[in-house]
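Okay, structure first, notes after.
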Amino acid sequence: MNEAKVAAALNTISMAFGELAEAMTQNGTAPVSAAPSALADDFPPFTPTDEYEALPLAADTPGLGRCPSHNKPWTVKAAGVSKAGKPYNAFWKCDGKDPDGTFCNRKPVKSWADAHPAAA
């Protein structure tokens, strides 16, 4: 297995762990099999962010230009104003939909996003 394949596999694994952590803390509830409270204090709950995934991968790593869940190329969401009236910059996103019908909320890794400015 070459270095690019290893990096892509680690990227997939890290995203899976993020999804698992998010599912385990959805709505602020912990699963029944959660760690004892003595250990839980050592591990703060996972808080998803809107930031790009900060994985240490080179921008030219194969596969980074596509959503790992839907295998669709990233597209630019033009800059605009949110429903709350706050302006936001253009950003990369996936146009795919998840099985529950919601739009995919994945974003590319930071190294790829930095190498491909989302100017729209």
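The values are calculated or read from the model by the stated rules, or taken from the named source; none is laboratory data. These figures come from a predicted structure and were not determined experimentally. Reconstructed Cβ throughout: ideal geometry from the backbone, glycine too, with neighbour counts over all protein chains shown.
General remarks:
- Residue in the stretch 21-28 that is surrounded by fewer than 10 Cβ atoms within 10 Å (Cβ to Cβ) and either within 14 Å of V109 (Cα to Cα) or modelled with pLDDT under 70 (or both) present: yes
- Residue among A40, A84 that is of a type outside the set (V, I, T), surrounded by 10 or more Cβ atoms within 10 Å (Cβ to Cβ) and either under 25 Å from A119 (Cα atoms) or at pLDDT below 75 (or both): A40
- If the condition is being among the hydrophobic types (A, V, I, L, M, F, W, C) and part of a strand (DSSP E or B), then the stretch 77-120 contributes V81, F91, W92, F103, V109.
- In the stretch 1-18, the residues that are closer than 17 Å to K107 by Cβ and either in contact (Cβ under 8 Å) with a residue 12 or more places away in the chain or in contact with an Asp or Glu (Cβ under 6 Å, 6 or more places away or on another chain) (or both): A8, N11, T12, S14, M15, G18
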